[in-house]
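Scroll down for the structure; my scribbles are underneath it.
The values are calculated or read from the model by the stated rules, or taken from the named source; none is laboratory data. If you're wondering where the values come from, they're calculated on a predicted model, not measured in any experiment. Reconstructed Cβ throughout: ideal geometry from the backbone, glycine too, with neighbour counts over all protein chains shown.
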Amino acid sequence: MPMSVQLPLIDEIKPACYTLESLLVGLAIRSARMSIWKFWSLPRKSQEKSKTSPLQLRLYAEAMLPTVFGDFLLSVYRDQNDEEGALLISKDLEQGDSPFIRVHSECYTGEVLGSLKCDCRDQLNLALQEIQKRGCGAVVYLRQEGRGIGLGNKVRAYHLQNQGANTIEANHQLGFASDLRSFEAAGIILQARGVHKIVLNTNNPDKIKGLQDAGIAIVERIPSLPPLNPHNEDYLRTKMLEMGHDLSPLFSKKEPR
Ligand SMILES: [Zn+2]
């Protein structure tokens, strides 16, 4: 017998239950709506707070982590809004006078999915290898995907890049600046660890300035130069020519061919 015939019968026999059921369903829908509203309003609230109050970070959790590159101390930091925007992946950091440091921005597409469109995964791996080799150093890992525009907008930018825009043009077409990142968290974490001068692993002049502004002295810069491939070449050339990244060794190697 079809269910549409049975339902009026249940309604007739147990009107009180049906009413209670309706109320419960109504409450559940209202509660779900409120949760969705809270979820969507959270980032905006966080942004408003972070604009008005200075960034505060506290060490939330820490444990040794064995990896394919060796053992590291993994430290998770939370800000005043309880968001986990920064990690420290370190090895015997207290031993070095000016430790080798990479300040690295999260790249889900490169680091998790193995995307060939950028050099992030290779740069992270090279830094972790170098820290193991030196026996001391750290990666400060900042969760600012897509130069700060977030994963969804980064994928929108990739769609525009597939239609011919370069990485900067795509950001601008979406209404974003070329680079929204801040390196303030890295400065706070390093200083909290007693690290005030570093050997910085970067090609990015903005990162050098950002860390200096955050009170960290750069005693030496070591470039990070993973190989070019057909998918990342245009992206890296744009970073070199339009964002001032020092990638000339990669392209000068290529020119004579
Ligand atoms: Zn990347």
(message) Just the residues that are at pLDDT below 95 and either exposed (fewer than 14 other Cβ atoms within 10 Å of the Cβ) or touching a helix residue (DSSP H, G or I) at 6+ places or on another chain (Cβ under 7 Å) (or both), please, taken from the stretch 195-208.
(response) 205
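Could you list, in sequence order, the residues of the stretch 118-135 that are away from the ligand (no atom under 12 Å from the Cβ) and polar (S, T, N, Q)?
Of the residues in the stretch 118-135, the ones away from the ligand (no atom under 12 Å from the Cβ) are 125-135.
The answer is 125, 129, 132.
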(request) Considering each residue of the stretch 195-239, count those that are of a type in the set (Lys, Arg), in a helix (DSSP H, G or I) and either closer than 16 Å to residue 121 by Cα or over 20 Å from the mean Cα position of the chain (by Cα) (or both), and give that number. (result) 1
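Residue 115 - would you say it is more than 13 Å from the ligand (Cβ to nearest atom) and not in a helix (DSSP H, G or I)? Steps first, please.
Working: more than 13 Å from the ligand (Cβ to nearest atom): no; not in a helix (DSSP H, G or I): yes.
No: the conditions fail for residue 115.
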(request) Test residue 138 against the stated conditions and say whether it is surrounded by 18 or more Cβ atoms within 10 Å (Cβ to Cβ), more than 15 Å from the ligand (Cβ to nearest atom) and either in a strand (DSSP E or B) or free of Cβ contacts under 8 Å to residues at least 40 places away in the same chain (or both). (result) yes
(request) Specify the residue that is nearest to the chain's Cα centre (by Cα); the eligible residues are those in the stretch 141-160 that are charged (D, E, K, R) and within 10 Å of the ligand (Cβ to nearest atom). (result) 145
(request) Return the residue satisfying two criteria in turn: it lies in the stretch 89-112 and is touching a residue at least 40 places away in the same chain (Cβ under 8 Å) and near the ligand (Cβ under 9 Å from one of its atoms), and of such residues it is nearest to residue 186 (Cα to Cα). (result) 105
